[in-house]
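Notes follow once the structure below has been shown.
The values are calculated or read from the model by the stated rules, or taken from the named source; none is laboratory data. Since the structure is predicted, the reported quantities are computational estimates derived from the model, not experimental observations. Cβ placement follows ideal geometry from the backbone for every residue including glycine, while neighbour counts extend to all protein chains displayed. Side chains included, ligands, DNA and RNA excluded: accessible areas come from the protein's heavy atoms. Shrake-Rupley method; radii C 1.70, N 1.55, O 1.52, S 1.80 Å.
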Amino acid sequence: MTKIEYAGTISLNDCEIPCYVTTDGVRLLASRRMQVALKISEDATKTGGLVAGSQIRRFFSQKSLQPLFDQLSDRSILEPIHVKYKGQKIIGYDARILPDICNLMLKGRREGLLKGSRQILIAEQCEVLLSAFATIGITALIDEATGYQRQRSKDALSKILETYIAKELLPWTKKFPDEFYEQMFKLRGWKYPTVGSAKPGVVGRWTNDIVYERMPRGVLEELRQQNPKDEKGRFKNRHHQYLTPKIGNIHLEKHITGVIALMRASSNWDKFKSNLQRAYPKIGEQMPLITTED
């Protein structure tokens, strides 16, 4: 039996509906409360308890609604899903069914397919429910209510890091052309060091700012974990040796090429940093305003 990993409650038009996310990422709505929200079933306060079983498929099996049923792209979502949560068996529906039912009922009303006051009442309720989650979406509502959005963000980050961070250390190859540093020193008004001379320590911080901090979120943090400083404060390897050949290093090379072009086109360091932020903004940082002096 499928198991639930996250649970919560969403409120639609003052109707509280338990919702869940299964271990394989399926979003579910509790069948009984969803039927109450649609007015397919009576409220527990009126019946002394929620109506047992599912009435969704039975409702759509009515002859007058058969044309609507035939338009469902995925009829399997009409089948209830049995899950287990904290030792209890729960009957739920794939959450995609709710907007589908609402849209179909409204279409049926427009096309004059609905028969009787009960079907019209349900269509009216579908209109109310659609407006309740139209701006966010039922999936986002469930993810927020259950806390699954936090896990989803972690999963997305993991996929990014998988494509950017290599599983094994790659051999060293030169990735930063001399011109990258020559342009940096020129824009700062500094004399470029002679062969064999060490560059100031701040160059490393600038390189992180200009390059690695403008890669996808989390990449630099992972590189620092993979390539920590030794007791003397030096990195054992180059960060780019931990980037994947087909994604990470190609992104790095293209970025450096673009940065050098910006350096060439900038008259000083401040203009370069402004141009850099416009071309390759850091995530979460505001782009600078364009003025007539730029």
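Can you work out which of the residues in region 61-87 that are loosely packed, with under 15 Cβ neighbours inside 10 Å and farther than 20 Å from ARG110 by Cα is farthest from the chain's Cα centre (by Cα)? Applying the filter and picking the extreme gives GLY87. Once region 195-253 is narrowed to residues that are of a type in the set (Asp, Glu) and part of a loop (DSSP other than H, G, I, E, B), the residue that is most open to solvent (accessible area, probe 1.4 Å) is GLU231.
The residue of region 11-50 that is modelled with the lowest pLDDT, among those that are over 27 Å from the mean Cα position of the chain (by Cα) and acidic (Asp, Glu), is ASP43.
Among the residues of region 261-271, those identified as over 32 Å from the mean Cα position of the chain (by Cα) and assigned to a helix (DSSP H, G or I) are ALA261, MET263, ARG264, ALA265, TRP269, ASP270, LYS271. Scanning region 10-19 for residues that are farther than 15 Å from GLY137 by Cα and open to solvent by 20 Å² or more (accessible area, probe 1.4 Å) returns ASP14, GLU16, PRO18. Filtered by the rule that a residue be out of contact with any strand residue (DSSP E or B) (no Cβ under 8 Å at 6 or more places or on another chain) and over 17 Å from PHE59 (Cα atoms), region 75-95 gives LYS86, GLY87, GLN88. If you filter region 256-294 down to residues that are touching a Lys or Arg at 6+ places or on another chain (Cβ under 7 Å) and not hydrophobic (A, V, I, L, M, F, W, C), you find that the one that is modelled with the lowest pLDDT is PRO288. The set of residues in region 174-188 being part of a loop (DSSP other than H, G, I, E, B) and touching a residue at least 12 places away in the same chain (Cβ under 8 Å) consists of LYS175, PHE176, PRO177. For region 103-122, a residue qualifies if it is surrounded by 20 or more Cβ atoms within 10 Å (Cβ to Cβ) and free of Cβ contacts under 8 Å to residues at least 40 places away in the same chain, and the qualifying residues are LEU104, MET105.
Among residues of region 245-261 that are free of Cβ contacts under 8 Å to residues at least 40 places away in the same chain, those with a Cβ under 9 angstrom from a residue that is polar (S, T, N, Q) and open to solvent by less than 80 Å² (accessible area, probe 1.4 Å), sequence gap 6+ or separate chain, pair up as LYS246/THR163; ILE250/THR244.
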